[in-house]
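Chemist: For reference, the structure I am asking about is given below.
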Amino acid sequence: MDTRGFGSTGRQVSVIGQGTWRIDGTAWSEAVAALRAGVDAGLTHIDTAEMYGDGEAIVGEAIDGLREEVFLVSKVVPGNATRRGVVRACEQSLRRMRTDRLDCYLLHWPGSHPLEETIAGFEDLRRDGKILAWGVSNFDVDDLDEALRIAGPYRIACNQVLYHLRERSIEHAVIPWCAANGVAMVGYSPFGSGDFPDPASTDGRVLGGIAQAHETTPHAVALAFLTRLDNTFSIPKTGRAERAVENAAARDLKLTEAEIATLEAQFPRGRRPRTLPML
Ligand code: NDP
């Protein structure tokens, strides 16, 4: 699966995208090259945030000349999420990325400013053409209910939440809620934020066996599993061009029902936790 409709935006967006948290830990030119290699390989959905240090500036350089190809997402921290604060923060993000618009702008996690204010700021930005759409991140079902009550249907484009093989809590209620309400689910930290199953472990051997059968990598298998449901997206981060290309292989990888069942058994969903896990 290459692209899917992204919530109510009317845009087809690459199912596998690129994250940028801590990408500024890689040498600047390598990070830019990795993102550009990813875009060339079809990973045109780029996720960043005002709180990712030099992340936005690196993205800005990477997408120079490629803006039309990219679905660009950034996030406002809750502390800035008043009506005027959202607009100010977005304008600063646009400056750092040297662009005039975002495709989607997210509230990074639920905070203390009234959600009515944040959503009013998002709508101001949308009206002024500075964002195509807005969404939320780290929202559990009760937060989503509140956002829907305030904004009305078909306004929340996506919910970005933690989702990897060993953390499948969102399958209980968040994914079904998103599917029922036309909200895209974007899974973050698909490789456990660097804590990926060791190839020598039982988990790693199961992944490796499936990867071998498809002549691909265990990381691509994980991405294919994490985007097996309609309406879902995944945004792995890498600062290495060759890994961006490797991750892009997941776009063409279709797991069999039996392989999905094997992975579901090896990485069980577990019980629904009381609070939504987040990083
Ligand atoms: P990931 O789960 O994407 O894992 C990143 C790690 O995996 C890095 O150490 C990277 O190393 C390594 N890696 C990537 N590709 C490969 C590969 N093919 N083979 C081997 N290793 C690989 O971690 P993140 O936590 O960064 O999550 C992804 C993105 O999600 C973030 O960058 C950010 O954009 C978003 N996010 C959003 C959050 C939110 O609250 N909304 C919270 C956390 C993340 P290397 O770079 O050296 O290749």
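Chemist: How much FRET efficiency would the formula 1/(1 + (r/R0)^6) give for SER201 and THR275, where r is the Cβ-Cβ distance and R0 is 25 Å, rounded to 0.05?
Modeler: 0.35
Chemist: Moving on to the next point. Which value, in Å², gives the accessible area per residue of the chain when a 1.4 Å probe is used on the protein heavy atoms?
Modeler: Accessible area per residue, the chain: 43 Å².
Chemist: Provide HIS214, HIS45 ordered by accessible surface of protein heavy atoms (probe 1.4 Å), highest first.
Modeler: Sorted by accessible area, descending: HIS214, HIS45.
Chemist: Then there's this: Name the most mobile residue of MET51, MET185, MET97, meaning the one with the largest mean-square fluctuation, in a Gaussian network model of the chain with Cα contacts below 10 Å.
Modeler: MET51
Chemist: Taking a ≥ b ≥ c as the square roots of the eigenvalues of the Cα gyration tensor of segment 1-53, is the shape rounded (a/c under 1.5), prolate (a/b larger than b/c) or oblate?
Modeler: Since a/c reaches 1.5 but b/c is at least a/b, the shape of segment 1-53 is classed as oblate.
Chemist: So, one more: How large a share of the accessible area of the chain, in percent, is made up of carbon and sulfur atoms when the probe is 1.4 Å and the other protein chains stay in place?
Modeler: Reported share for carbon and sulfur atoms: 48 percent.
Chemist: Between GLN266 and VAL141, what is the FRET efficiency for a Förster distance of 22 Å, r being their Cβ-Cβ separation, to the nearest 0.05?
Modeler: E(calc), rounded to 0.05, equals 0.25.
Chemist: I'd like the accessible area for TRP109: 1.4 Å probe, protein heavy atoms, all chains in place, Å² to the nearest 10.
Modeler: Rounded to the nearest 10, that gives 80 Å².
Chemist: Sticking with this structure for a sec: Tell me the accessible surface of THR216 in square angstrom (1.4 angstrom probe, heavy atoms of protein chains only), to the nearest ten.
Modeler: For THR216, the solvent-accessible surface is approximately 40 Å².
Chemist: List the lysines whose Cα sits under 30 Å from the Cα of LYS130, skipping any in the same chain fewer than 8 residues away.
Modeler: Cross-link targets: LYS75, LYS237.
Chemist: Decide, for segment 55-97, between rounded, prolate and oblate: order the square roots of the alpha carbon gyration tensor eigenvalues as a ≥ b ≥ c, take rounded if a/c falls under 1.5, and otherwise choose prolate if a/b is larger than b/c, else oblate.
Modeler: Prolate shape, in that a/c is at least 1.5 and a/b is the bigger ratio.
Chemist: Please give the FRET efficiency for ALA258 paired with ASP100, using the beta carbon to beta carbon distance and R0 = 45 Å, rounded to the nearest 0.05.
Modeler: 0.40
Chemist: Going by the alpha-carbon gyration tensor, a ≥ b ≥ c the square roots of its eigenvalues, is the chain rounded (a/c under 1.5) or, if a/c is not under 1.5, prolate (a/b greater than b/c) versus oblate?
Modeler: oblate
Chemist: Right, something else. Using 7 Å Cα-to-Cβ label points, what is the GLU30/ARG127 separation (nm, one decimal)?
Modeler: Once both label points are built, they end up 4.7 nm from each other.
Chemist: Hey, got the dipole for the chain? About the Cα centre, +1 on K and R Cβ, -1 on D and E Cβ, debye to the nearest 20?
Modeler: My answer is approximately 360 debye.
Chemist: Please give the calculated 222 nm ellipticity per residue for the chain, where each DSSP H segment of at least 4 residues contributes -39500 (n - 2.57) and the sum is spread over every residue; nearest 500 deg cm²/dmol?
Modeler: The helix-only estimate for the chain comes to -11500 deg cm²/dmol at 222 nm.
Chemist: Between TYR188 and residues 5 or more places away or on another chain, which pairs have amide H atoms under 5 Å apart, with H built 1.01 Å from N, and which residues are they?
Modeler: Those qualifying (amide H under 5 Å, at least 5 residues apart or on another chain) are VAL161, LEU162, TYR163.
Chemist: Separate question: Can you compute 3J(HN,Hα) from phi for each residue in segment 8-13, using the Karplus curve 6.51 cos²θ - 1.76 cosθ + 1.60 with θ = phi - 60°, rounded to whole Hz and x for Gly and Pro?
Modeler: Each residue's phi maps through the Karplus curve to give 8, 6, x, 9, 8, 10 Hz.
Chemist: Which of ALA33, ALA258, ALA224 moves the most in a Gaussian network model of the chain with Cα springs under 10 Å?
Modeler: For the chain, modelled as a Gaussian network with Cα springs under 10 Å, the answer is ALA258.
Chemist: For GLY17, enumerate residues with amide H under 5 Å from its amide H, sequence gap 5+ or separate chain, H modeled in the peptide plane.
Modeler: Placed amide hydrogens put SER234, ILE235 under 5 Å from GLY17.
Chemist: Lys and Arg at +1, Asp and Glu at -1: add these up for the other residues within a Cβ distance under 13 Å of GLN266 and post the number.
Modeler: +1
The values are calculated or read from the model by the stated rules, or taken from the named source; none is laboratory data. Bear in mind that the values here come from a model prediction, so they are computed numbers and not experimental data. Cβ: placed from backbone, ideal geometry, glycine included. Neighbour counts: every protein chain shown. When the accessible area is computed, the model is the full protein with side chains, heavy atoms only, and any ligands, DNA or RNA have been set aside. Shrake-Rupley method; radii C 1.70, N 1.55, O 1.52, S 1.80 Å.
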